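Data first, discussion second: the structure below is written as structure tokens.
The values are calculated or read from the model by the stated rules, or taken from the named source; none is laboratory data. Computed from a predicted structure; not experimentally measured. A quick note on method: Cβ atoms are made from the backbone with ideal geometry, for glycine too, and the neighbour counts reach across all protein chains shown. Just so you know, the surface numbers come from the protein's heavy atoms only, side chains and all, with ligands and any DNA or RNA stripped out. Shrake-Rupley method; radii C 1.70, N 1.55, O 1.52, S 1.80 Å.
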Amino acid sequence: MKIIFIFIDGLGIGEADALKNPCVNAKINLFNIFQTDLFPKKLPYDGIAGAIDAQLGAPGIPQSATGQTALFTGINAVQYIGSHLSGFPNEKLRILLEHHSIFNQFNKMGKQPCFLNAYRPLFFEKGPDAIIRYLSVTSVMNWKAGLHFFNFDELAAEQSIYHDFTNLELMKRGYKIPLFTAQKAGAILAGQSQNYDLCLYEYFKTDWAGHAQNLSEAVALLVHLEKFIITLLQHIDLSETLVVITSDHGNIEDLSLKTHTTNPVPLILWGKGKEILLDKTDSLVDITPGLVNIVNGFES
Ligand SMILES: [Zn+2]
């Protein structure tokens, strides 16, 4: 089986209040998941969604470094370091990622994982060691698992996608990379996912949009992101593929706040094994072990 994991930063489950939640919009078809819904909630393309805990038993507002480490290791990183940590992982979290990441665990099972996001030339010029304090959770785990980092030649060759999936951010910076439509990017993810057992893609403009607090821009962003996901769903065989979408903490679902939220985050699933994963997942820490079990369960 194949697993496609789309990690969306800063997407929580909020109130069905159109004044502050961009998910309350007639153009939204996948992310219209609200606190008052009955879970599991049915979604288009035979998908299901649940609400999972991102607070991880600690007071304060959930943050990226600890939330993502918990999500991608199955270890409660907040309890491990004693608080929520924003931004990039510190040394303690990097060590957890080195030894326990989902990439590491798939490698040990003899499975081939992949991180599909393209990296800028500066990353390759400097090397990860030189910029270790500015490496994201996904960068650290890809590096420490010894996996390939996609570059801009591979991006231009349609083997990879950039974090905004259109390359518009790169064109603005003067890079000569062709513009991808949401449909093109979704088709690239679908195609590449068939070359790996686990294909991870990270999208974080949702978190930026949450901090920016602009409702109409946030709606447009989510509509565009849904177009990318729907194209992916139309291009893959869901009888052999599990599509997983989740987040590290809330943010964009409540634009009345400039900060992240303490809301639960959605676990959105399509395809093979979706009920099994949803059934066993209460919080961020359940997802990596759940995926490992599903792969083992279906192939042993
Ligand atoms: Zn943020």
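Quick notes
- Exactly one residue out of 48, 131, 61 is more than 16 Å from the ligand (Cβ to nearest atom) and out of contact with any Leu (no Cβ under 6 Å at 6 or more places or on another chain): that is 131.
- Of all residues making up the stretch 112-164, the number that are more than 19 Å from residue 180 (Cβ to Cβ), in contact (Cβ under 8 Å) with a residue 24 or more places away in the chain, out of contact with any Asp or Glu (no Cβ under 7 Å at 6 or more places or on another chain) and basic (Lys, Arg): 1
- Failed condition for residue 61, given (1) among the aliphatic types (A, V, I, L, M); (2) closer than 28 Å to residue 142 by Cβ; (3) assigned to a strand (DSSP E or B): (3)
- The set of residues in the stretch 115-160 being farther than 26 Å from residue 95 by Cβ and either small (Gly, Ala, Ser) or surrounded by 19 or more Cβ atoms within 10 Å (Cβ to Cβ) (or both) consists of 118, 152, 155, 156, 157, 160.
- Filtering the stretch 69-100 to residues that are closer than 21 Å to residue 201 by Cα and either open to solvent by 60 Å² or more (accessible area, probe 1.4 Å) or in contact (Cβ under 8 Å) with a residue 60 or more places away in the chain (or both) leaves 69, 70, 71, 72, 73, 74, 75, 86, 88, 98, 99, 100.
- Qualifying residue in the stretch 102-111 (condition: closer than 24 Å to residue 4 by Cβ and in contact with a Phe, Trp or Tyr (Cβ under 7 Å, 6 or more places away or on another chain)): yes
- Residues located in the stretch 78-99, provided they are out of contact with any His (no Cβ under 9 Å at 6 or more places or on another chain) and part of a helix (DSSP H, G or I): 79, 80, 81, 91, 92, 93, 94, 95, 96, 97, 98, 99
- Test: residue in the stretch 146-161 that is more than 17 Å from the chain's Cα centre (by Cα) and of a type in the set (Ser, Thr, Tyr): no
- Extreme residue, surrounded by the most Cβ atoms within 10 Å (Cβ to Cβ), among residues of the stretch 204-260 that are under 19 Å from residue 117 (Cβ atoms) and within 13 Å of the ligand (Cβ to nearest atom): 247
- Candidates 186, 290, filtered to the one that is out of contact with any Pro (no Cβ under 9 Å at 6 or more places or on another chain), without any contact (Cβ under 8 Å) to a residue 60 or more places away in the chain, surrounded by fewer than 21 Cβ atoms within 10 Å (Cβ to Cβ) and of a type in the set (Gly, Ala, Ser): 290
- When the residues of the stretch 1-29 are filtered to those that are within 25 Å of residue 165 (Cα to Cα) and charged (D, E, K, R), the one that is surrounded by the most Cβ atoms within 10 Å (Cβ to Cβ) is 9.
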